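The structure under discussion appears below in the form of structure tokens.
What follows is calculated from the coordinates using simple rules that are stated; it is not laboratory data. In this text, all values refer to a predicted model and were calculated from it rather than measured experimentally. We place every Cβ from the backbone using ideal geometry, glycine too, and count neighbours over all the protein chains shown.
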């Protein structure tokens, strides 16, 4: 009987001591996570714009006769977006480009281009002050110098940008864009096929999330 009481008392003391230690022990720390510094949830809309200066090179084929041309470009691009789900945005971008073209042989022309891009972007928060965005789009561009030169291009583009949040609803943006296009051109004397590869680095802009 005494042995039973002693064993029961000892078990009670051990249980009480274990419970007290467990209660005083600090809770395990949760793994660190990066919270989204911008509003990147489903249903969010975006509006922004960017400015870019750069240059592209093309090769034109007129009935088997190839020639090269270089372009210096200033581009303004307003954009609109809607988040289909968290971190995934459907995006529409318009563009207006003023460009100076130098043809092989030394001739030069100035003209304007309007463009439309439809694509998607995925946002990845890396830090409370840094969000990475990667995406792709199909693009259409139409070029007219107001005289006898016309060019229509279509193709694909990929882009990568870094966003620096100023507020949960506002961020600065800087990035790069790579595009490949095919199309036709008409200089008044005849039509030709055109293909081009563009690498635009250092476009800067601002974007609002609401």
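In this simple spin-label approximation, residue 90 and residue 41 carry label points 7 Å from Cα along the Cα→Cβ vector, and these lie 2.1 nm apart.
Across the stretch 45-209, Cα pairs under 8 Å and at least six residues apart give a relative contact order of 22 percent. Counted residue by residue at 0.36 nm each, then reduced by the alpha carbon distance between them, the extension gain from residue 82 to residue 108 reaches 5.3 nm.
Using a simple spin-label model with pseudo-atoms 7 Å out from Cα toward Cβ, residue 142 and residue 176 lie 3.2 nm apart.
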